[in-house]
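Written below as structure tokens is the structure these notes are about.
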Amino acid sequence: MNELIEKIKEMSSAFVAEASMQAEKGNKAAGTRARKISLDLEKVLKEFRKVSLEESKK
């Protein structure tokens, strides 16, 4: 579970960096990368939810 949390932190940081580059500098490629990261982050968050529910049942 700790590994998932670390992965979420890393992906969140990367998302914020890319989204900021798009918003502040108009970097279209950064926007594309941010959207890709958001899709990957969604998958990891779903995995976290599943693992978290399993942990709470113990």
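The values are calculated or read from the model by the stated rules, or taken from the named source; none is laboratory data. Quick caveat, the model's predicted, so the values are computed rather than measured. Neighbour counts are summed over all protein chains in view; Cβ atoms, including those assigned to glycine, are modelled from backbone coordinates with ideal geometry.
Assorted remarks:
- Restricting segment 11-58 to residues that are outside any helix (DSSP H, G or I) and under 22 Å from residue 1 (Cβ atoms) leaves a set whose member that is modelled with the highest pLDDT is 57.
- Number of residues in segment 1-36 that are surrounded by 15 or more Cβ atoms within 10 Å (Cβ to Cβ) and among the basic types (Lys, Arg): the value is 2.
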